[in-house]
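In what follows, a single structure is set out as structure tokens and then discussed.
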Amino acid sequence: MEVVQVLHMNGGVGETSYANNSFVQQKVITMTKPITEDAITKLYCSTYPEEIAIADLGCSSGPNTFFLVSELIKVVDSARQKISQKSPEYQVFLNDLPGNDFNTIFRSLSIFQNKLREQLGPGIGPCFFTGVPGSFYGRLFRKNSLHFVHSSYSLQWLSQVPQGLESNKGNIYMASTSPPNVLKAYYEQFQQDFSLFLKCRSEELVDGGRMVLTFLGRRNDDPSSKECCYIWELLAMALNDMVLEGVIEEQKLNSFNIPQYTPSPAEVKYEVEKEGSFSIDQLEVTEVNWNAYQNETDLSDAFKDGGYNVAKCMRAVAEPLLFSHFGEAIIDEVFRRYREIVAARMSKEKTEFVNVIVSLKKA
């Protein structure tokens, strides 16, 4: 699998699009808001720059893209008004892999800019937006050109499927039945990727520049624990059932692995300290329910179905990977089965995503 070519969220604004199935991700951005606001405020109030360059890495498409950017700009604008400073100019870089639906982002850009001007008034400085397709496991920007980097629910994705996973039969990710060499291969790929990410960003950020990174992660020291792997194990169950029925070839399933690693806070801290370019300002762990619509009011009947919500969210994320490996014919059936499996488990168990959030300053 060539991850750079096939990894992207479902584009457009249709029923299975990421734009319409990313409420979990929006909740996570909202939960990390105090950490993000603290970092951007410290950045601005340390030098009061006349221009601020912000990069959102793994921006995807849909409302979350502009939601994050608007929150950052509002925080800076509030800080500068308190001390009667002229507004800085903003350069916003939106980065994702080339398969990302950048068209949907930029079609709605003028609406976002007009709304921001209405909210903040005529004193707000100009905001320039640039799309930057490419992998963040490499250089994307000029040296010392960025002030603030944000990434949410992107860095758990690896640059490639780890080598040597032939023994991971019947699984599509790390699982309780995965051999130790599979867990080791995943961890080593994460180490290599995250270290490279930190090195590249240290070259692109100005001295004193800040980053806030949110990983889909885990609390547990065990990388195959249920808290980080269970949601993929349930998808593997649906696929294995289809193998037993002859719908999918067994060899096809055994050669499919998800290019993801969900790190613990200790693993994130270790890599940051080992690479040496950044100091850790904050490191926190939070949880969000698999069904982001739980406890929401005024929902339609469809959205009261937890299995339906989770399956749609996961389809928006995983469909392109499954499509590239298994083909289009199985997609609807896989996620129909997955919805039933997830709903059954959610009715009996506590199901949560674990988020690892780290706020960094360039040393």
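A few comments on the model shown:
Rundown of residues vs (1) over 24 Å from the mean Cα position of the chain (by Cα); (2) outside any loop (DSSP other than H, G, I, E, B); (3) among the small types (Gly, Ala, Ser); (4) at pLDDT below 75, yes/no style:
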{"residue": "Val310", "(1), (2), (3), (4)": "no, yes, no, yes"}
{"residue": "Met314", "(1), (2), (3), (4)": "no, yes, no, no"}
{"residue": "Pro320", "(1), (2), (3), (4)": "no, yes, no, no"}
{"residue": "Ser324", "(1), (2), (3), (4)": "no, yes, yes, no"}
{"residue": "Ala329", "(1), (2), (3), (4)": "yes, no, yes, no"}
{"residue": "Arg337", "(1), (2), (3), (4)": "yes, yes, no, no"}
{"residue": "Ile357", "(1), (2), (3), (4)": "no, yes, no, no"}
{"residue": "Lys361", "(1), (2), (3), (4)": "no, yes, no, no"}
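- Selected residue (criterion: farthest from Ser152 (Cα to Cα)) from residues of region 59-107 that are in a helix (DSSP H, G or I) and of a type in the set (A, V, I, L, M): Ala79
Yes/no per residue for (1) among the hydrophobic types (A, V, I, L, M, F, W, C); (2) within 18 Å of the chain's Cα centre (by Cα); (3) in a loop (DSSP other than H, G, I, E, B):
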position	(1), (2), (3)
Lys184	no, no, no
Gln192	no, no, no
Cys200	yes, no, no
Phe215	yes, yes, no
Trp232	yes, yes, no
Lys252	no, no, no
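- Pairs are defined by a Cβ separation below 7 Å, a sequence spacing of at least 6 or placement on different chains, a first member in region 74-99 that is within 17 Å of Asp56 (Cα to Cα), and a second member that is of a type in the set (S, T, N, Q) and surrounded by 18 or more Cβ atoms within 10 Å (Cβ to Cβ); the pairs so defined are Leu94/Thr65; Asp96/Ser60; Leu97/Ser135.
The values are calculated or read from the model by the stated rules, or taken from the named source; none is laboratory data. Computed from a predicted structure; not experimentally measured. Heads up, the Cβs are rebuilt from the backbone with ideal geometry, glycines too, and the neighbour counts pull from every protein chain shown.
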